[in-house]
Amino acid sequence: MKVRHKVSRNEDLLAPEKAVSTAASQVPRYVRVNILKTCVDDVIEFFKRQGYAYLGKAASVEELKALSGKKFLLDLHLPELLVFPSQTDLHDNLLYTSGHIILQDKASCLPAFLLGPVAGSHVIDACAAPGNKTSHLAAILKNKGQIFAFDVDPKRVATMNTLLTRAGVTGCQLVQQDFLTVDPGDRKYSRVTHILLDPSCSGSGMVTRGPGEEAAPSAERLQALAGFQRRVLSHALSFPALQRLVYSTCSLHQEENEDVVQAVLQEWGSAFRLVTAFPSWPCRGLAAFSGAESCLRASPAETLTHGFFVAVLERCREGAAAPSSLPAAAKENPQPGEGTEPGAAPKKRKKKKQRVKE
Ligand SMILES: C[S@@+](CC[C@H](N)C(=O)[O-])C[C@H]1O[C@@H](n2cnc3c(N)ncnc32)[C@H](O)[C@@H]1O
């Protein structure tokens, strides 16, 4: 139950489930191809052999919305994401049970994609279980480098172990520990340049496919969550070699999102700054403070995903040029047909186009 509801404590289960809204029923089934085990082309061929019709790369969110029957598309924003109609159930599919594909909402794929560490990097996933984002990070790192993954909940850590093994993840040290007690001064973490922080939240952005009652979390609960989120974000920023951090929640509440980011940035003065996450993404942070539009939001109605929030922070360097919104991995390994930024229009090249193989 706790894994399904993304909470670590029994009392968090008291939060009511969300109702099935019209928008929710339109959220497609997203399938992330696990490039540690296979490649996009092979997965497409597999589904074609299973009787699905492949319609190519989507050009708009409208195309995703119009999907029906046994048809599927390549997502327009994320390179290794396939999109099936909402009702498609792939839990018994061989590719899923063997870890070749991961059933992961599109919005939930954004944090690792936007963190984008290059292969060989040392990365922390601070609140990691059940591990979908960790396995995505491992795929981006091509299993080269080191991931330190923490979660405080023993049962969720056990589930995560199974998931990571099934996904073929190596080079990941999974530790059951409160991240707030992890010592940033420990030499073990002296090369950690990237941190993914996806802490416990109200989960108010999650859309369920079953019936339920929609109700807002109480003001006290929101305050408690926001307090924890501020503490854990500030702790993450204290790792000495940190260059880039992605903070994400599946909450719709400003208190857990823009307000947390604003408070912690203020606390850290000029040491860190927000960079524009995925400039071509249509849905931006709420105008809670100047620059909040650098953050991104996702929602069933606007982006056909669960409700989500992502902020990308980078360490400021004196005299450095303006920060890049492009994750380092995407710079090194641009996807075929992609421009210089995720989701941006491809650049025109004078010379022969060079395809970069993943
Ligand atoms: C939103 S879930 C993470 C989902 C995960 N990133 C994924 O994509 O599969 C939040 C996680 O934070 C964990 N957590 C809560 N407090 C924590 C703490 N102080 N230290 C480490 N993990 C914590 C919870 O047990 C829960 O598994």
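The values are calculated or read from the model by the stated rules, or taken from the named source; none is laboratory data. The model shown is predicted, which means the values in this text are computed figures rather than measured ones. When we count neighbours, we look across all protein chains shown, and the Cβ atoms used for this are built from the backbone with ideal geometry, even at glycine. Side chains are part of the model used for accessible areas, which takes the heavy atoms of the whole protein and leaves out ligands, DNA and RNA. Shrake-Rupley method; radii C 1.70, N 1.55, O 1.52, S 1.80 Å.
Summary of computed values
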read-out	value
Subset tally (residues that are in a strand (DSSP E or B) and surrounded by fewer than 18 Cβ atoms within 10 Å (Cβ to Cβ)) for the stretch 137-167	1
Set Ala236, Ala158: member being modelled with pLDDT of 95 or more and in contact with a Leu (Cβ under 6 Å, 6 or more places away or on another chain)	Ala236
Identity of the residue in the stretch 184-207, of a type outside the set (Phe, Trp, Tyr) and not in a loop (DSSP other than H, G, I, E, B), that ends up farthest from the ligand (Cβ to nearest atom)	Arg187
Counted residues, the stretch 255-293 - those being assigned to a helix (DSSP H, G or I), touching a strand residue (DSSP E or B) at 6+ places or on another chain (Cβ under 9 Å) and either within 16 Å of the ligand (Cβ to nearest atom) or open to solvent by 20 Å² or more (accessible area, probe 1.4 Å) (or both)	5
Those helices (runs of 4 or more DSSP H) lying entirely in the stretch 1-120 with at least 1 residues modelled with pLDDT of 95 or more, within 15 Å of the ligand (Cβ to nearest atom) and under 20 Å from the mean Cα position of the chain (by Cα)	106-115
The stretch 294-311: number of residues that are of a type in the set (Gly, Ala, Ser) and assigned to a loop (DSSP other than H, G, I, E, B)	2
